[in-house]
Structures are given as C-alpha cells and as structure tokens.
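Input: a single structure, listed below in structure tokens.
The values are calculated or read from the model by the stated rules, or taken from the named source; none is laboratory data. Because the structure is a prediction, the values reported are computed rather than measured. Ideal geometry is used to build each Cβ from the backbone, glycine not excepted, and the neighbour counts take in all protein chains shown.
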Amino acid sequence: MTSTQPANPTLHILNKPPGHPRFETCLQAIQDCDQLVLTENAVLALADRSVTLPAACKAMKADVDARALNEQTRTGTIDYAELVRLTAKHSRIISW
Amino acid sequence: MSTLIIVDQPPYGTWAGREALDMVFSLAAFDQPAALLFTGAGVNWLRKQQAPDAIGQKSVEKNLSAAPMFGVEEILADTASCERFGLGPEQLVSGVTLAENLQDVMNAHSNVAFAG
C-alpha cells in the first residue's frame, strides 16, 4: 500500500548513547522530513567519529555543556523552550 | 591481588559510572590495590572542562585528579575509544595513561569488575 498523502513529519527525541542498540534503530527510522533532537547521553554522538547524523538534527545545550562538547557541535544546540516549540510543531513524536 | 574496575558507561546518563568511581575509592581507602580503566563511551568521563551544573550534577574532574592521593594506582583509557570520541592529549584530564591492549590490562589484575 503506497501512501499517497505527504509523509507525516516526525520529531525523534533520542537519549541513548551511540552503541546502544536503540541509537541505531532510531537513526534508521528517520525520514528526510523528520527532525532529530539529541538529549542526555545521545549528545555523545557529536564527538563520535563513527556516527553520521541526519541534516535536521539539534542537541540540548545543557547536555552538550555538561559533557564539554561545546566546540565540536556538528549540529545546532537548543534549550528546553525550543524543544517544547518543536514538540508543539510536530504532530507525531517518538521518544526513543 | 589487585582489582580493576572498568567503566564503559557514559557520564551522567546513568549512575553506573559514578558508582564505579565510589567503588574504586573505597577499595583504595581500605588499602586494596585498585585501578580504573575507561573504555567505549566511558572515556567521555575523562574530557576536561565538563560543566554539568545545568543538569544538576557535579563534575568528577577533581575526584579523578585526586585519585593517586587516595591510593588509586592507575587511571587507564583505551586508545581506540579515545580516538573514536576525539579525545587527544589536550582534551584528556591529567594523570590518565593510555592503554593499547585491554586484554593485557585485564590480565594484570586478579579481580576485574564492570560498572553497571
């Protein structure tokens, strides 16, 4: 059954570190129109050379600073207010 | 008879890594020879200038640099994991020895335990 209506843009919220099985599952589930937010241990992906991140990807600033990863942000960082705005904007949300 | 505690869990997400540090310091406090090996995502504990106050946590940088004074024999980090997470000599906290072969490190200790 090929769905004709436009894909439903989904917000993926990931807090697992690279290497955790669910980290890989999440990355595979991300479609072009989706948005990924890295929180807690998932921000370690910013320093992990073996990880390729999707274009639409943000990381939580507090978690990035906690782990001293501020210089190597391959993505933009957001705060909680911005995360709330993203959850309001997306009709479909998956917390991994 | 010495104990090696291996930390392969990342900092802050869970309590596992912190419990391992407490374990090592307790062993050292009772004059049991003990060492710490960080590997996998665990090497991220060893990055300098962590500022976890915004997530309600404390940095372990001071504890790690004080470890020798508490009698912790060695703090080791697995070279391959350091490369994977971009941890060069300038990013690593002081007092960390790089270890190439984990098997050799493990064989050098009679007891080996993992955190979490």
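For the range A:24-44, which positions are more than 10 Å from every other protein chain (Cβ to nearest Cβ) and either within 16 Å of A:THR75 (Cβ to Cβ) or of a type in the set (D, E, K, R) (or both)? Before the answer, list the steps.
Applying the first criterion (more than 10 Å from every other protein chain (Cβ to nearest Cβ)) to the range A:24-44 yields A:24-38.
Listed by number, the residues that qualify are A:GLU24, A:CYS26, A:LEU27, A:ILE30, A:ASP32, A:ASP34, A:GLN35, A:LEU36, A:VAL37, A:LEU38.
Taking the condition of being without any contact (Cβ under 8 Å) to a residue 12 or more places away in the chain and hydroxyl-bearing (Ser, Thr, Tyr), how many residues in the range A:71-96 meet it?
Taking the range A:71-96 and keeping what is without any contact (Cβ under 8 Å) to a residue 12 or more places away in the chain, we get A:71, A:81, A:84-85, A:88.
Add one more test, that the residue is hydroxyl-bearing (Ser, Thr, Tyr), and what stays is none.
The qualifying residues number 0.
Residues being in contact (Cβ under 8 Å) with a residue 12 or more places away in the chain, surrounded by fewer than 21 Cβ atoms within 10 Å (Cβ to Cβ) and among the hydrophobic types (A, V, I, L, M, F, W, C): count how many of those fall in the range B:29-40.
1
Being within 14 Å of chain B (Cβ to nearest Cβ), closer than 25 Å to B:LYS58 by Cα and under 10 Å from the mean Cα position of the chain (by Cα), is that true of even one residue in the range A:53-68?
There is at least one residue in the range A:53-68 that is within 14 Å of chain B (Cβ to nearest Cβ), closer than 25 Å to B:LYS58 by Cα and under 10 Å from the mean Cα position of the chain (by Cα).
Please return the ranges of strands (runs of 3 or more DSSP E) entirely within the range B:1-99 where 2 or more residues are farther than 30 Å from A:THR39 by Cβ and of a type outside the set (S, T, N, Q).
B:34-38, B:72-78, B:97-99
Can you tell me which of A:ALA29, A:ALA68 is of a type in the set (Gly, Ala, Ser) and in contact (Cβ under 8 Å) with a residue 60 or more places away in the chain? Even if it seems obvious, please write down each step before you answer.
On the way: A:ALA68 fails: in contact (Cβ under 8 Å) with a residue 60 or more places away in the chain.
On inspection, the qualifying residue turns out to be A:ALA29.
Return yes or no: is B:GLU74 without any contact (Cβ under 8 Å) to a residue 40 or more places away in the chain and either touching an Asp or Glu at 6+ places or on another chain (Cβ under 8 Å) or within 14 Å of chain A (Cβ to nearest Cβ) (or both)?
Judged against the criteria, B:GLU74 is not a match.
For a quick check of your reading of the model, give me the residue pairs whose first member lies in the range A:35-49 and is on the phi > 0 side of the Ramachandran plot, whose second is polar (S, T, N, Q) and not in a helix (DSSP H, G or I), with beta-carbon atoms closer than 6 Å and at least 6 apart or on different chains.
A:GLU40/A:ASN15
State whether one or more residues within the range B:2-22 are surrounded by fewer than 20 Cβ atoms within 10 Å (Cβ to Cβ), more than 9 Å from chain A (Cβ to nearest Cβ) and at pLDDT 90 or above.
Yes; the residues of the range B:2-22 include at least one that is surrounded by fewer than 20 Cβ atoms within 10 Å (Cβ to Cβ), more than 9 Å from chain A (Cβ to nearest Cβ) and at pLDDT 90 or above.
Would you check if B:GLN49 is touching a helix residue (DSSP H, G or I) at 6+ places or on another chain (Cβ under 9 Å), within 14 Å of another protein chain (Cβ to nearest Cβ) and on the phi > 0 side of the Ramachandran plot?
yes
Taking B:LYS62 as meeting all but one of (1) crowded, with 20+ Cβ neighbours inside 10 Å; (2) more than 14 Å from every other protein chain (Cβ to nearest Cβ); (3) of a type in the set (D, E, K, R), write down the number of the exception.
Looking at each condition in turn, B:LYS62 falls short on (1).
On the given criteria, is A:SER91 within 14 Å of another protein chain (Cβ to nearest Cβ), of a type in the set (S, T, N, Q) and more than 12 Å from the chain's Cα centre (by Cα)?
Spelling it out, it is not the case that A:SER91 is within 14 Å of another protein chain (Cβ to nearest Cβ), of a type in the set (S, T, N, Q) and more than 12 Å from the chain's Cα centre (by Cα).
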